[in-house]
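Chemist: There's a structure below that I have some questions on.
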Amino acid sequence: MVLRRSLAFAGVAALVPLVASAASAQAASGSLTVTTLGRHGGKVSTTVTVVAVPSGQTYSVKSGKRISLPSGRYLAMTDIWEHGTDGLGTDTIGAQVVQVSGSKSVTLDARKGKLVKVSLDTPADVTDPPRINAQVCAATVGTMPSAFSAGGWNNEGALYAIPNSSKLLQFGYLAQWSGDDSYVAVKNTTGIPTAPGGSFKRSKLATMRFSVRAGTQLAQQNDTALQAVPKADDCTTDLTAAVRDDSAPYSATVHVTPGTWQPRDDVIADNGDDVGGGFPKVRTLTAGQSFTQSFGRAAWSPLHYLPLLGQKSVTFLPDALIGDPDVGGVWADPTKETVVLTKGSTTVKKKTLTDWGSGDAEFTAGIRSAGWYRLTVDAHRYRPGITFPAGMLSPRTTLDWHFKVADPDRAMVAPVFLTRFLPTGLNSHNQAAPNSTTTVDVSAGRGSQGPDTKLTKVTAKSVRVWSSPDGGKTWKAATVRHSGSTWQASVPNPASGAVALRSEVTDSAGNTSVETVYRAYAIG
């Protein structure tokens, strides 16, 4: 397998590419030609990234081609990749600081590259050399933000870096050893060291465990990964370690150097489309610490949005209605939903919406007077072009909010809740044993809906839970025990099929929030 990818990109702040403006080109009073030589001395064609100091203005040019530039100081960076007789080839990453005035020519010579060497006291099941993903970056200088420049990845023994002590440069890498577990080390330096690399000990690593369950996602293929996210951006930012690309369910363990890491999951459909997943909370891990990141646990439900009141209207954003609570935030699968606002027996407004292919779906209905209103939402997962897995869990969720509006002009979040169901004791396919009892942890939450709308304090007075073994045809009340800020429901399971869950949260003012998740978990 050829484990190598050439990178050549640039960015500023949030890594947004910069393009040389026409005005800059017209103001050019100098030029630069960068020649790149391979490890045997011959010319090699590469793409060179040129970054102006200190503005961060970025240009891209083919090696050997002259580019017109305003006079000034620049960083010229590239990855010199060469095919090898063994089929793997080599990467040599290099950069130079160049003062452009008139016609300037420089050479990046791969023969000056030093082998990037990394070591780890790996266990016996690790037999192959580590894969190293490395890059050279423009360091933060004055007003110039850190900018990615160029890099590549390869196996140890085939990746080189040309030393350069300039403080205008950074060099970062991620090394990954693979066996029964994966072992990942990241390191960033100012300048490119004369002996690039480093030595690491397993005893000094932290551990991230991935638990990927089956049944809830839009497809079974899950591509999990772990990204470096240092607290201050440097040349390791977003370097990524592949964890596992496989059919759920599965588990995987990655041992990493201490620091801040972003776990991620990409769900891949049979047609190759990325149809789900997301980015859970970033985790800061210390040496010896262990954390488990779950994806696909039952049950999926609405994640974030509540009705907004004010200016004689009720507004609701029908987004993130069926999502993974372990991913959180507003990452959720697309849905099609029918939203209805009523007052007593009068329908104020009814509308069918979808957030598939658009971020503009919104329900808004005018209200003229104070009183009790009911907002209902019936959401189904909706993703044209793919076939959902047979027996997929959490395909539908409903919300039924009944709340009092005291002043139609007052801007506030409606005094209602979203429920989180977490069935415990399920297997990796999100199944409970037939004829058993499942304990379901239930929480009632209200999250901030933005800085412009007041989130008043509302306390849940009571929580009731029901379960259905027949898709909602019949419902049975569960025994609920209150413990701290959560409730626990004891749900009796049928002999086969799936279980739907329903909750009702009531506050002291009589506002109620009813939430239902169909096929919340399976029996098997």
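Chemist: Residues of region 481-493 being out of contact with any Asp or Glu (no Cβ under 8 Å at 6 or more places or on another chain) and either open to solvent by 10 Å² or more (accessible area, probe 1.4 Å) or free of Cβ contacts under 8 Å to residues at least 40 places away in the same chain (or both), which ones?
Modeler: ARG481, HIS482, SER483, GLY484, SER485, SER490, PRO492, ASN493, listed by residue number.
Chemist: Tally time: how many residues in region 172-188 are within 16 Å of ASP245 (Cα to Cα), in a strand (DSSP E or B) and open to solvent by 50 Å² or more (accessible area, probe 1.4 Å)?
Modeler: Total satisfying the criteria: 1.
Chemist: Between residues in region 360-383 that are closer than 15 Å to PRO318 by Cα and residues that are of a type in the set (Phe, Trp, Tyr) and open to solvent by less than 70 Å² (accessible area, probe 1.4 Å), which pairs lie under 6 Å by C-beta distance while being six or more apart or on different chains?
Modeler: Pairs found: PHE363/PHE316; LEU375/TRP401.
Chemist: Follow-up. Closer than 20 Å to THR33 by Cβ, surrounded by fewer than 16 Cβ atoms within 10 Å (Cβ to Cβ) and at pLDDT 95 or above - does that describe any residue in region 108-122?
Modeler: yes
Chemist: Got a sec? Which of ASP326, ASP270 is of a type in the set (D, E, K, R), in a loop (DSSP other than H, G, I, E, B) and buried (at least 19 other Cβ atoms within 10 Å of the Cβ)?
Modeler: ASP326
Chemist: Which residue, of ALA124, ALA139, ALA110, is under 25 Å from ASP233 (Cα atoms) and not basic (Lys, Arg)?
Modeler: From the options ALA124, ALA139, ALA110, the qualifying one is ALA139.
Chemist: Within region 83-126, how many residues turn out to be part of a loop (DSSP other than H, G, I, E, B), among the small types (Gly, Ala, Ser) and more than 17 Å from GLY152 (Cβ to Cβ)?
Modeler: Qualifying residue count for the region: 2.
Chemist: Here's something else I'd like to know. Mind listing whichever residues of region 494-522 are assigned to a strand (DSSP E or B) and either in contact with a His (Cβ under 6 Å, 6 or more places away or on another chain) or open to solvent by 50 Å² or more (accessible area, probe 1.4 Å) (or both)?
Modeler: Correct list: ARG502, THR512, ARG519.
Chemist: Then there's this: Would you mention how many residues in region 338-353 are surrounded by fewer than 17 Cβ atoms within 10 Å (Cβ to Cβ) and under 15 Å from LEU321 (Cα atoms)?
Modeler: 2
Chemist: Just wondering, is there one or more residues in region 438-452 that are farther than 19 Å from TYR518 by Cα, in a loop (DSSP other than H, G, I, E, B) and among the hydroxyl-bearing types (Ser, Thr, Tyr)?
Modeler: yes
The values are calculated or read from the model by the stated rules, or taken from the named source; none is laboratory data. Keep in mind that what you see is a predicted model, and the values were worked out from it rather than measured. All Cβ positions, even for glycine, are placed from backbone atoms using ideal geometry, and neighbour counts span all protein chains on display. Please note that ligands, DNA and RNA were not included when accessible areas were found on the heavy atoms of the full protein model with its side chains. Shrake-Rupley method; radii C 1.70, N 1.55, O 1.52, S 1.80 Å.
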